[in-house]
1. Order these peptides, 368-376, 309-317, by their mean beta-carbon neighbour count within 10 angstrom, highest first.
2. Quick one: helix 268-277 against the long Cα principal axis of the chain, what's the angle to the nearest 10°, folded into 0 to 90?
3. In degrees between 0 and 90, to the nearest 10, how far off the longest principal axis of the chain does helix 107-125 point, with axes built from Cα atoms?
4. Amide H neighbours of M79 under 5 Å, at least 5 residues apart or on other chains, H built in the peptide plane: list them.
5. State, to one decimal in nm, how far the label point of D5 lies from the label point of S197, with both points 7 Å from Cα in the Cβ direction.
6. With a 1.4 Å probe and every protein chain left in place, work out the accessible area per residue of the chain in Å², rounded to a whole number.
7. Which GluC sites (Glu not before Pro) in segment 67-143 pass both tests, a DSSP loop state and at most 12 other beta-carbon atoms within 10 Å?
8. Run the dipole for the chain about the Cα centre, Lys and Arg Cβ at +1, Asp and Glu Cβ at -1, nothing else charged, and hand back the magnitude in debye, nearest 20.
Amino acid sequence: MRIIDVCEVTKPIASPIRNAYIDFSKMTTSLVAVVTDVMHNGRRIVGYGFNSNGRYGQGGLIRERFRDRILEAKPECLMNEDGTNLDPHRIWAAMMTNEKPGGHGERSVAVGTIDMAVWDAVAKIADKPLFRLLAEMKDREADPRVFVYAAGGYYYPGKDNSALRAEMRGYLDRGYNVVKMKIGGAPLDDDRARIESVLDEIGSDAQLAVDANGRFDLETAIAYAKMLREYPLFWYEEIGDPLDYALQAAISEFYDAPMATGENLFSHQDARNLLRYGGMRADRDYLQFDCALSYGLVEYLRTLDILRQFGWSPSRCIPHGGHQMSLNIAAGLGLGGNESYPDLFQPYGGFPDGVRVEEGHIVMPDIPGIGFEGKADLIKLMQELAE
Ligand code: MG
């Protein structure tokens, strides 16, 4: 059993939206295929992955470093003990040969993208949905019913509060009961009016989370905390710079309700620093580490170990990114749910065809691998790359 190729293509996922920090008009993603020599029912097993959204495609790093390290490794060094499947941990170690610690930069995105494709291949070789494989691996019961929330509420040229309300109403009509909107891309009083109009629209049908995308300095973060605490919000997300743990800790003095952060922390060491120094509260706050941006599931398993050491339940994790990889981790390892972008980042994000949101939850279908074969528009793009 061996990996015979690792293919990458950089694809646009552009849209004319913006949050408090960036616009997405030039956003790209890497699509990766891990091609094996394993055949099932006359078909070659190929694992697929992509790098979530919000960082750019990583074709340079993948082609110049990580692909070659996999292809140059002895095939037996990339397999599990009994030789029945690929071993994602050993493949990860091969990719990270001659990489210094720290300074994670964007190599974590390149490795996370390949790692997603490796797990897809591993679950396909085992002929099981990844979430069931993960549950078995950790000796636990899979729960195919996963909480999802609708992330939107971006700033968009010409978008007024009635358009924002209509957007949120649309998510409720599609079965969501938690919705999220951006803040920090307009003056505080404008954001207050946006929040009030959304709360007025959703009433008691849903809860609202707000996301500042790391924009605020301490003074602005406190001003917003004082404004936001007047409203019954689901969470206050990514308040200041992702690496400013002291700022995060300071805000807990001004804001009792749940906060969320972590989508721009790309290693278990950074996650540990957040828990050590960020003042995050295990009884109410949420952690949003996205494996596709942060060295993949091999690393995410280390992050979950750190959480346990610090007294956090995996159910406090609701990853960023809206991809099926995190849905599998949620269903298999008991995370609290997953982000979802109902109208954005297609065809990469979202669910297999036919999966509907009901009362804020989806049910994972039993498709071998991550489930990409169940999403017609996505698997078509993937197969163009490698099959
Ligand atoms: Mg966010």
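The values are calculated or read from the model by the stated rules, or taken from the named source; none is laboratory data. Remember, predicted model here, so these are calculated numbers, not experimental data. So basically every Cβ, Gly included, is an ideal-geometry build from the backbone, and we count neighbours across all protein chains shown. The area values use the complete protein model at the heavy-atom level, side chains included, leaving out ligands, DNA and RNA. Shrake-Rupley method; radii C 1.70, N 1.55, O 1.52, S 1.80 Å.
1. 368-376, 309-317
2. Long axis of 268-277 versus the principal axis of the chain: about 30 degrees.
3. It works out to around 60 degrees.
4. Those qualifying (amide H under 5 Å, at least 5 residues apart or on another chain) are D87.
5. Placing both labels 7 Å along Cα→Cβ, they lie 5.1 nm apart.
6. 39 Å²
7. On the way: sites: E72, E76, E81, E99, E106, E136, E141; in loops: E81, E99, E106, E141.
Sites meeting the loop and neighbour criteria: E81, E141.
8. Working: 42 positive and 57 negative charges, 112 e Å.
About 540 debye.
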